[in-house]
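Working notes, structure below.
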Amino acid sequence: MTNNTGSRKTGGEAPLLSGRHLTKTFQNSNKRSFNACDDVSFEVYPGETLGIVGESGSGKSTLMRMLVGLTEPTGGEMIFLGKDLGAIKGKDAREMRRHIQMIFQDPGTAFDPRMKIRDIICEPLLNYRLIDKKLKDETAEKFLHMVELPAGFKDRYPQQLSGGQRQRVGIARALTLEPELIICDEVTSALDVSVQKNVLDLLKRLQKEKGVAYLFICHDLAVVEEMADRILVMNQGKIVERLPGTNIRKAAKEPYTRKLIDSVFEPKSAIANRQNRQTDI
Ligand SMILES: Nc1ncnc2c1ncn2[C@@H]1O[C@H](COP(=O)(O)OP(=O)(O)O)[C@@H](O)[C@H]1O
Ligand SMILES: [Mg+2]
């Protein structure tokens, strides 16, 4: 696809997305205000993977929800392709949001169980009137092929697929609008280790082919390290550390990050136990 940012992966270019001082305030059950996201600033560059890691409740999904317009920020701004996402409205906002897609943790509940895979994949294209209904079969087959699923899956319902296969359909659907950015929120967290690896490999291959950037959100530091070029560590709504995508054990300085690292890189025996677990493919 063409866009006015020029070619991707050129290096040294302008950010695709900037979050500036993003804050979201909620009230807890005692009516006390707290910041689920607290002055979060970051950049995502074209074609890269920015990882966001942090324990459950650290504010990762709240950040994602603000970026895709599901939650309004209490403060701060989001600049995408040079435009302030909070300031553009209506048709323009809809057009901008086309370029940011998302993939969720549980593809089982993300899809309408009454819709066939063909319709799930083609829905965004039909919503944006980018294809004619007559092209649904052909389009579904093309995207199923892209995510290494058989063409015949187009006639199936989501519950007739395994978790890993459903996640591939989620990826196919996210790709249909040729986004510049895909936000992946815990996309492999519901999958077994071996299936997880296949899905991560697929995401990497697609990034190489299409130059799409990922904002890769996950509580598992090992998975984030495998995927990301750069990593932000979140704790209680704040970014507590910024790390490179490799050698994080050496680079990490903050006690919170060190704790996360210790919990992930367990003794060898525990890892062996995890890998020996029964897997469903
Ligand atoms: N709509 C909401 N109303 C009140 N509190 C919320 C809401 N959404 C999330 N929270 C709270 O904000 C904090 C961060 O949640 P979340 O962004 O889902 O974290 P993560 O994705 O890192 O697990 C949690 O304490 C959560 O309970
Ligand atoms: Mg979450």
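Below is a table of values for the structure above.
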read-out	value
Label-point separation, R129 to R156 (7 Å along Cα→Cβ), nm	3.5 nm
GNM result for the chain, Cα springs below 10 Å: residue of Q236, Q165, Q27 fluctuating most strongly	Q27
Highest-fluctuation residue, T71, T176, T23 considered, GNM on the chain with Cα pairs under 10 Å	T71
Residues in segment 39-83 that a label on E95 would reach, taking backbone N under 16 Å of a point 7 Å out along Cα→Cβ	80-83
Furthest towards positive pole of dipole, L135, F153, T109, structure part segment 109-178, Cβ charges	T109
From phi via Karplus (6.51, -1.76, 1.60), per-residue ³J(HN,Hα) for segment 220-227 in Hz, x at Gly/Pro	9, 4, 5, 5, 5, 5, 4, 9
Global geometry of the chain, whether rounded, prolate or oblate, following the gyration tensor of its Cα atoms and the 1.5 cut on a/c	oblate
Cα centre as origin, Lys/Arg/Asp/Glu Cβ charges: the chain dipole, Debye	220 debye
Relative packing of 138-150, 221-233, which averages over residues the other C-beta atoms within 10 Å, highest first	221-233, 138-150
Charge sum, other residues only, whose C-beta stays under 9 Å from G19's C-beta, Lys/Arg counted +1 and Asp/Glu -1	-1
Nearest-20 debye value, segment 109-178 charge dipole, Cβ charges on Lys, Arg, Asp, Glu	160 debye
Computed [θ] at 222 nm, helices only, for the chain once each DSSP H run of length n ≥ 4 contributes -39500 (n - 2.57)	-10500 deg cm²/dmol
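Just so you know, all these numbers are worked out from the coordinates, no wet-lab data involved. Everything numeric in this text was worked out from a predicted model, so none of it was measured. FYI the Cβ positions are ideal-geometry reconstructions off the backbone, even for glycines, and counts take in every protein chain you see.
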